[in-house]
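Working notes, beginning with the structure itself.
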Amino acid sequence: MVTIADVLALPAFKDVRIVAPCEGAGRRSVRNVGILDCPPDLNGYSNYFPGELILTNLGFASGNERLSERSLITLIDRHVAGVAIKTVYDPIITDAVREESSREGVPVFAYDGAYHEEVAYQALDLIRRDSEVLDKTQQIRGFLHPRSDEETCSQVLSVFGAVGPRVWFVVAEPRGGDSLSLLATISSLQRSLDGVVASLPQVTSANVVRCERRLVCAVSVSQAGVPGIDPVEAESERAALAAVRDVFVSGGQAYCGAGECLDAARGDLCLREAMDACEVAAGKRERWLGWEDLGEAALSAAARDDALLSRAAAMMWARVEAYDERNGTELVETVRSFVGCGGEVSATAQAMFQHPNTIRYRLRKIKSLVGDEELTDRRLLVIASLMSLGVQGHDGQAAGIGLLGESER
C-alpha cells in the first residue's frame, strides 16, 4: 500500500506543506494519480475516484477565489486520496475548503517541484514497484502456515530472496507518525544493508520487504554449521547479525524485533519469533528486542500456539540445563519437582530431600534464568508448567509462531 507520505517523499516534490489538514493525512492510501486542469462545470469531476491523488495548479481559475473554492470542495467531496497543488499561480485556499477537508478527511497540499507529468510518472512507478516487488503481505501470510522443509526453503528464497543455508529475520514497526514514508524508509535501509552484504562475505543477502505497515528484513548467512559447535563460524555469524542490528538501531525510527538465526528450513519459525519480539518491543517502546530477550513474554506468546510453546520451552530449558552443566546444580530436577508438587515449596523440599531454603534459593535462580527475578512462586509455577508441557509435548524439538498484528489474531 502506497500512502500519501510515500508519494510526497518522491524527488519530484519540493517544499511540501499541508494547507488544508485532516486527521491521518499521510497514511491515506494512494492507488492512482490524476491531473486536474478544468473547472467542475462539465461533469462535477465524476472521472475522479477515491484512492486517487489529484495534481493541479488551479491555473484554470485565474485567481478567481470562488472558482478555486468550488473546484476544491467538489474534488474533496469525490473522496479522493488527497489534492496536491503546484504553487505556480499562488493558489487560494479558503476557510470553507479547510473545513470541508477536515470534515471529509481529504487533505490538500501545496508544493514546489516538477511538472505534473513527472510527478505522475514517479508516483505511478512507485505504486507499480510496491505492488510487484515490495508488498509481500499475502505471501508472508502464506509463508507462516505449516509446510514441509523443502517448501519452506523454497519460500525463503522466492518471497524474501534469501539465498544462504541459514536465515535471520528482523521485523520493524516504524514510529514516525503520519509524515513517515514507509517506502522511503525501505529504500534507505536497503542501501545500508547492501553495504553490509558488500563488506561481509558471510552475509549472502539482506532484503527488506513490506508486510502491511511493518518492515520485514530477511538476512541469509553462508555458514552451514551450527553456532556453538564451531566457534569460528559462530563468531562470524554473530558479527554479521550485529552489523545488521546496527543498521536498524542507528536510524532510531522503528521498534524492532529479531528472531533466532536458524536453518532456512525453519525460516517460518524465525519470522514468527521476530514478529512477536517486534510486538513486545513496540508495546515497551524499545528500539530493539531479540527473541532471546523476551523471557516470560516468550512463554506468554507461546500460549497462543503449540509451535511457539515448544520453541519458547526449548529456549527456557536450554538456559536451565546450561546452568546445571556449568555449575553442577539440579535446577532442571527442581523445576520438574516444583511442577509435580503444585508449586508448594515444602512439598518440593520433601520430594527432593532438601531444606525448604535450598529450594527457595534454587527457585530464585530459576526466576533469574527465565528473565524476571521478581516473579511470584505462583507465576513461576505457570511458567514452569508451560516449559514442561512444551518440551514433553514436542520431544524437546523447538518450533515457533509469529503475529501479523491484531487483525490476524
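The values are calculated or read from the model by the stated rules, or taken from the named source; none is laboratory data. Because the structure is a prediction, the values reported are computed rather than measured. No Cβ is skipped: glycine too gets one built from the backbone with ideal geometry, and neighbour counts run over all protein chains shown.
Computed quantities for the displayed model
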quantity	calculated
Any hit, the stretch 85-97, residues being modelled with pLDDT of 95 or more, among the hydroxyl-bearing types (Ser, Thr, Tyr) and crowded, with 17+ Cβ neighbours inside 10 Å	no
Test: residue in the stretch 51-67 that is assigned by TED's automatic domain parsing to the domain that holds residue 30, surrounded by 18 or more Cβ atoms within 10 Å (Cβ to Cβ), at positive phi and of a type outside the set (Lys, Arg)	yes
Whichever residue in the stretch 235-274 is of a type in the set (Lys, Arg) and touching a residue at least 12 places away in the same chain (Cβ under 8 Å) and, among such residues, is farthest from residue 172 (Cα to Cα)	266
Hits in the stretch 328-352 - residues which are over 14 Å from residue 385 (Cα atoms), of a type in the set (Asp, Glu) and part of a helix (DSSP H, G or I)	none
One residue from 214, 210, 191 being under 17 Å from residue 161 (Cβ atoms), out of contact with any Pro (no Cβ under 7 Å at 6 or more places or on another chain) and either surrounded by 19 or more Cβ atoms within 10 Å (Cβ to Cβ) or outside the structural domain of residue 282 (by TED's automatic domain parsing) (or both)	210
Selection count, the stretch 336-360, where residues are at pLDDT 90 or above, of a type in the set (Val, Ile, Thr) and in contact with a helix residue (DSSP H, G or I) (Cβ under 6 Å, 6 or more places away or on another chain)	3
Matching option when the condition is closer than 22 Å to residue 31 by Cβ, basic (Lys, Arg) and in contact with a Leu (Cβ under 9 Å, 6 or more places away or on another chain), among 166, 129, 78	129
Search result, residues across the stretch 34-49 that are farther than 20 Å from residue 122 by Cα and not hydrophobic (A, V, I, L, M, F, W, C)	39, 40, 41, 43, 44, 45, 46, 47
Residue count for the stretch 168-181, restricted to those that are farther than 14 Å from residue 245 by Cα and either at pLDDT below 80 or of a type outside the set (D, E, K, R) (or both)	7
Residue within the stretch 24-45 that is among the acidic types (Asp, Glu) and part of a strand (DSSP E or B) present	no
Qualifying residue in the stretch 236-258 (condition: more than 21 Å from the chain's Cα centre (by Cα), acidic (Asp, Glu) and modelled with pLDDT under 90)	yes
Qualifying positions in the stretch 182-231 - at pLDDT below 85, among the hydrophobic types (A, V, I, L, M, F, W, C) and either part of a strand (DSSP E or B) or out of contact with any strand residue (DSSP E or B) (no Cβ under 8 Å at 6 or more places or on another chain) (or both)	184, 226, 229
Residues being within 15 Å of residue 81 (Cβ to Cβ) and surrounded by fewer than 17 Cβ atoms within 10 Å (Cβ to Cβ) - total across the stretch 98-117	2
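Residues are listed down the side, and each one gets a yes or a no for (1) closer than 26 Å to residue 266 by Cβ; (2) in contact with a helix residue (DSSP H, G or I) (Cβ under 8 Å, 6 or more places away or on another chain):
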site: 117; (1), (2): no, no
site: 124; (1), (2): no, no
site: 136; (1), (2): yes, yes
site: 144; (1), (2): yes, yes
site: 151; (1), (2): yes, no
